[in-house]
Amino acid sequence: MKNFKALALFSGGLDSMLSIKLISDQGIDVVAINMNIGFGSKKNMSEIMKKRAEKAGATFKMVDVRELYLKDILFDPKFGYGKHFNPCIDCHGFMFRSAKRLLKEYGADFLITGEVLGQRPMSQRADALQSVKNLAEDEDNLILRPMCAKLLEPTKPEIEGWVDREKLLGISGRSREVQISLAQKFGWDDYEKPGGGCLLTDKYFSQKMSDFIKYDKFEVEDIQLIKFGRHLRLPDSSKLVIGRDKEENEILENIKNSKMEFIKLKEIAGPLSLISKTATKEDRTLAAKIILTFTKANKNEEYDVVFEKEIVKATPFENRSKAMQYYV
């Protein structure tokens with residue numbers, strides 16, 4: 001008898017863990033695939049996700065699709081955006097389409113996901129699930145949603161007997177009582193909380209995205225940059241990024257971005273900053289004043305602010321409100 005294998009779209013959340021558990025408990029091998037579009041988290045979650053996938057009964061793989069996602073989805077979604085910069089329907093369709101191309105590589109037979117009918121207003125309505133199916137080009141009916149399968153038309157894995165439909169669930173709506181109950185039954189307490197997964201659904205992150213694309217082409221190298229620091233837009237259109245604390249300073253120091261140059265302070269402790277390499281002299285002078293404003297610099301004293309090719313002497317603003325007018 002053939003041993004069947006499934007690829008699971010894996011976010012690290014409880015629903016995706018439970019969907020894997022429902023399938024792996026039927027003796028089916030599962031590979032949990034996390035599609036890295038770049039906007040899942042500020043932190044590297046790969047090791048945490050690996051542990052969660054293994055706990056649910058799957059092996060774990062992270063697949064980098066950032067470049068293709070920016071090129072094909074983020075800036076021109078067929079079904080538009082949600083409340084902020086989140087093209088959820090197009091994103092889900094893209095992920096399934098990408099996963100479908102991996103079936104042969106992993107020797108897998110079908111796809112699963114933790115989606116629950118009616119749980120999310122934009123991407124998990126019945127009509128939205130059908131739109132996702134169409135975008136995924138799922139003519140072979142291979143996308144199975146174990147969490148709500150009994151409320152949907154049977155898929156090929158169910159029809160062909162690869163999966164026992166009776167052992168799947170029929171959950172709908174936004175209540176998570178069933179999921180929490182199952183998590184307690186399995187002894188799970190480590191999983192991504194609802195709504196904590198995608199930065200594109202965050203209001204302030206979306207504002208930074210909108211500002212960036214207004215002035216520049218957004219590329220893969222910009223993803224990490226936009227996740228951290230205070231973001232300011234100066235009068236001559238330069239972008240200024242200022243670290244908020246020691247941890248952010250360390251992260252920003254390791255960012256490699258061909259559009260930006262570092263700014264450092266020598267005479268006084270302060271934040272690490274970056275500015276557009278194309279910044280005008282006026283914007284550089286203003287940036288120096290703003291950066292000093294986020295230090296304990298004496299308001300009447302002049303300091304050296306070190307850019308990559310020059311040193312700008314400046315004094316801080318009297319208060320931060322003058323700097324904050326440039327916040328994105």
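The values are calculated or read from the model by the stated rules, or taken from the named source; none is laboratory data. In this text, all values refer to a predicted model and were calculated from it rather than measured experimentally. With ideal geometry, Cβ positions are generated from the backbone for all residues, glycine too; neighbour counts draw on all protein chains shown. Each accessible area value is taken on the protein alone, full model and side chains, heavy atoms only, with ligands, DNA and RNA left out. Shrake-Rupley method; radii C 1.70, N 1.55, O 1.52, S 1.80 Å.
Some points to look at:
- Scan of the stretch 283-321 for residues that are among the polar types (S, T, N, Q) and surrounded by fewer than 21 Cβ atoms within 10 Å (Cβ to Cβ), ordered by number: THR285, THR295, ASN298, ASN300, THR315, ASN319, SER321
- Residue satisfying all of: in the stretch 127-139; over 23 Å from the mean Cα position of the chain (by Cα) and without any contact (Cβ under 8 Å) to a residue 24 or more places away in the chain; most open to solvent (accessible area, probe 1.4 Å) among these: GLU139
- Evaluation of THR201 against the conditions (1) modelled with pLDDT of 95 or more; (2) under 25 Å from PHE10 (Cα atoms); (3) not basic (Lys, Arg) shows that the sole unmet condition is (1).
- Here is the figure for the stretch 245-275: residues that are small (Gly, Ala, Ser) and crowded, with 22+ Cβ neighbours inside 10 Å total 2.
- Each residue in the stretch 108-117 was checked for being closer than 13 Å to ASP140 by Cβ and open to solvent by 20 Å² or more (accessible area, probe 1.4 Å), and 1 pass.
- Scanning the stretch 24-37 for residues that are among the β-branched types (Val, Ile, Thr) and either open to solvent by 70 Å² or more (accessible area, probe 1.4 Å) or farther than 18 Å from LEU14 by Cβ (or both) yields ILE28, VAL31, ILE37.
- Within the stretch 38-77, the set of residues being basic (Lys, Arg), open to solvent by less than 80 Å² (accessible area, probe 1.4 Å) and more than 25 Å from PRO146 (Cβ to Cβ) comprises ARG66 only.
- Conditions (1) farther than 20 Å from VAL30 by Cβ; (2) out of contact with any helix residue (DSSP H, G or I) (no Cβ under 9 Å at 6 or more places or on another chain): number failed by LYS156: (1)
- Any pair with Cβ under 9 angstrom, 6 or more apart, that starts in the stretch 250-276 at a residue that is farther than 18 Å from LEU292 by Cα and ends at one that is β-branched (Val, Ile, Thr) and open to solvent by 20 Å² or more (accessible area, probe 1.4 Å): LYS259/THR278
- Output for the stretch 87-107, where each listed residue is out of contact with any helix residue (DSSP H, G or I) (no Cβ under 7 Å at 6 or more places or on another chain), at pLDDT 95 or above and either within 8 Å of ALA136 (Cα to Cα) or open to solvent by 10 Å² or more (accessible area, probe 1.4 Å) (or both): MET95, SER98, LYS100, ARG101, LEU102, LEU103, LYS104, GLU105, TYR106, GLY107
- Number of positions in the stretch 197-244 that are in a loop (DSSP other than H, G, I, E, B) and open to solvent by 60 Å² or more (accessible area, probe 1.4 Å): 7
- Filter result (over 13 Å from ASP29 (Cβ atoms), in contact with a strand residue (DSSP E or B) (Cβ under 7 Å, 6 or more places away or on another chain) and aliphatic (A, V, I, L, M)) within the stretch 53-72: MET62, VAL63, VAL65
- Residues of the stretch 140-177 that turn out to be surrounded by 15 or more Cβ atoms within 10 Å (Cβ to Cβ), without any contact (Cβ under 8 Å) to a residue 24 or more places away in the chain, assigned to a helix (DSSP H, G or I) and not basic (Lys, Arg), as a count: 2
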